């Protein structure tokens, strides 16, 4: 650690935290975005190092509430850089470097301008410009004619496939190629290996008329396909651009949801077995919204039908964990749609009304929420049989008419929100963290009195920080992390920490750091491990609990 701090102070190297969103999603809510940012800012303050964090814009907007983010930027003197879409001049520069032939560069600029008219932000993304350049490069001097009746990425893929039919003299047209690629993408998403055998099966399924030698010829010609690339050493096929796979999967999902019976086996199988988790699920949800936005008609109504079809299809699955996959995608699509379809700064009431509409109305039933629910007025909304996985309610408004009925809460928090302590709970399940922060919110609103059970929960929150996974050992903790998590909302946080630090926990210096560290005192290790395995206070922890209970006059 001392070596790391010294090299950072000496600016020997910089830190790039690439994939902040993937780190948070991979941990499934076990770490909160703002807490990670705070930890990184402390490293900056200690070492003087500069840290760059990258994240998908959709994740950042959904999981980092505006007020808290602004406060963080002011407090830490950090800077937020938004990756804006390429404008016309950027596109001109890109194509000028890509082509030595000015005529091709002009063609690419013209195609970009036509596509940008309907989908400005999407067409300004780098992978789209690359597709446009590939299309023009393979067009043999003929200018591609843009169709305004389909999604930009879909049109580009189809146009590239059409060009391959002519260029490679393939025995299948552009539509056939798109069906092959989509089937390949769907099967790989459902767990198949992306091998030549899988691609061959997709070709046989879509174009059964092909003879064996024609199949082999097609596979050989696919080696130079503009959408796929093959690793000859491993016989593995990969997409030229990651977002191509996302677009194919999203289009498959939309097509099935709009045209198919929700109980159709193909639809159910796709939703319950395809990898729709993490950043991949976020990207698919975003692409679904983009596809629907380009279609004629009311996008809100079509998205509501699509989400309804997803929810209906997942009911057919008997596997609870697999069923959650599809339902998480439904919630993710609704969340993205609220941000995309409403103008920036939309009122909380408008945002909540759209969310409720997309989630099939109130009561909102059997949906899994995670991440951040931001800027919603949830008075009068009922959640029934829903699951809340470490949800942060940010800048939301609640009251007694907000009802949670038979819901399951895992962790979570409420920041800059009003009235959560007033909400009505009709039964439900709560883990220890959820019990603690919800209880703190109820105490703050005067709905309940702080009790000995609340004290026990709060002490447990602190002790759990020092237990390794499984509860069979203990670890140390930096001072700055001691007050993080649900304990920060406790009415008696300071009293609890002071008492524990005087009897159960000890301080120590951290080499090369100005802040202190904390560890479990040797005399309390047995009590901490016993609590970790049996959830019962003994020894020094029990003494601290009893003395605090007496001092605070709790019952």
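The values are calculated or read from the model by the stated rules, or taken from the named source; none is laboratory data. A quick note: this is a predicted structure, and the numbers were derived from the prediction, not measured. Methodologically, a virtual Cβ is constructed for each residue, glycine included, from the backbone with ideal geometry; neighbour enumeration extends over all protein chains shown.
Here's the yes/no breakdown for (1) under 18 Å from residue 152 (Cβ atoms); (2) in a helix (DSSP H, G or I); (3) in contact with a helix residue (DSSP H, G or I) (Cβ under 8 Å, 6 or more places away or on another chain); (4) modelled with pLDDT under 85:
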position: 58; (1), (2), (3), (4): yes, yes, yes, yes
position: 61; (1), (2), (3), (4): no, yes, yes, yes
position: 73; (1), (2), (3), (4): no, yes, no, yes
position: 84; (1), (2), (3), (4): yes, no, no, yes
position: 89; (1), (2), (3), (4): no, yes, no, no
position: 92; (1), (2), (3), (4): no, yes, yes, no
position: 115; (1), (2), (3), (4): yes, yes, yes, yes
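The residue list 349, 340, 323 contains one member that is under 30 Å from residue 116 (Cα atoms) and either at pLDDT below 90 or not in a strand (DSSP E or B) (or both), which is 340.
Please verify whether region 250-266 includes one or more residues that are under 20 Å from the mean Cα position of the chain (by Cα) and crowded, with 24+ Cβ neighbours inside 10 Å. Checking region 250-266: at least one residue is under 20 Å from the mean Cα position of the chain (by Cα) and crowded, with 24+ Cβ neighbours inside 10 Å. All conditions but one from (1) surrounded by fewer than 16 Cβ atoms within 10 Å (Cβ to Cβ); (2) in contact with a strand residue (DSSP E or B) (Cβ under 7 Å, 6 or more places away or on another chain); (3) in contact (Cβ under 8 Å) with a residue 60 or more places away in the chain apply to residue 533; the one that does not is (2). Exactly one residue out of 66, 19 is at pLDDT 80 or above and either closer than 22 Å to residue 282 by Cα or surrounded by 15 or more Cβ atoms within 10 Å (Cβ to Cβ) (or both): that is 19.
All conditions but one from (1) in contact (Cβ under 8 Å) with a residue 40 or more places away in the chain; (2) more than 34 Å from the chain's Cα centre (by Cα); (3) over 30 Å from residue 414 (Cβ atoms) apply to residue 527; the one that does not is (1). Answer yes if at least one residue in region 357-373 is part of a helix (DSSP H, G or I), surrounded by 17 or more Cβ atoms within 10 Å (Cβ to Cβ), touching a helix residue (DSSP H, G or I) at 6+ places or on another chain (Cβ under 8 Å) and modelled with pLDDT of 90 or more, and no otherwise. So far as region 357-373 goes, yes, one or more of its residues are part of a helix (DSSP H, G or I), surrounded by 17 or more Cβ atoms within 10 Å (Cβ to Cβ), touching a helix residue (DSSP H, G or I) at 6+ places or on another chain (Cβ under 8 Å) and modelled with pLDDT of 90 or more. Going residue by residue through region 487-497, is there one that turns out to be exposed (fewer than 14 other Cβ atoms within 10 Å of the Cβ) and touching a strand residue (DSSP E or B) at 6+ places or on another chain (Cβ under 6 Å)? Looking through region 487-497, none of the residues is exposed (fewer than 14 other Cβ atoms within 10 Å of the Cβ) and touching a strand residue (DSSP E or B) at 6+ places or on another chain (Cβ under 6 Å). Taking (1) outside any helix (DSSP H, G or I); (2) over 25 Å from residue 56 (Cα atoms); (3) in contact with a helix residue (DSSP H, G or I) (Cβ under 7 Å, 6 or more places away or on another chain) in turn, residue 297 satisfies each apart from (3).
Filtering region 508-530 to residues that are in contact with a strand residue (DSSP E or B) (Cβ under 9 Å, 6 or more places away or on another chain), surrounded by 13 or more Cβ atoms within 10 Å (Cβ to Cβ) and modelled with pLDDT under 90 leaves 510, 513, 515, 516, 517. When region 380-396 is filtered for residues that are without any contact (Cβ under 8 Å) to a residue 24 or more places away in the chain and part of a loop (DSSP other than H, G, I, E, B), the ones remaining, listed by number, are 380, 385, 386. Residues in region 91-112 that are within 35 Å of the chain's Cα centre (by Cα) and without any contact (Cβ under 8 Å) to a residue 12 or more places away in the chain: 93, 97.
Could you please let me know if residue 488 is farther than 21 Å from residue 543 by Cβ, assigned to a helix (DSSP H, G or I) and outside the structural domain of residue 395 (by TED's automatic domain parsing)? So residue 488 fits the description; yes. Of everything in region 191-232 that is free of Cβ contacts under 8 Å to residues at least 12 places away in the same chain and not in a helix (DSSP H, G or I), the residue that is farthest from residue 167 (Cα to Cα) is 192.
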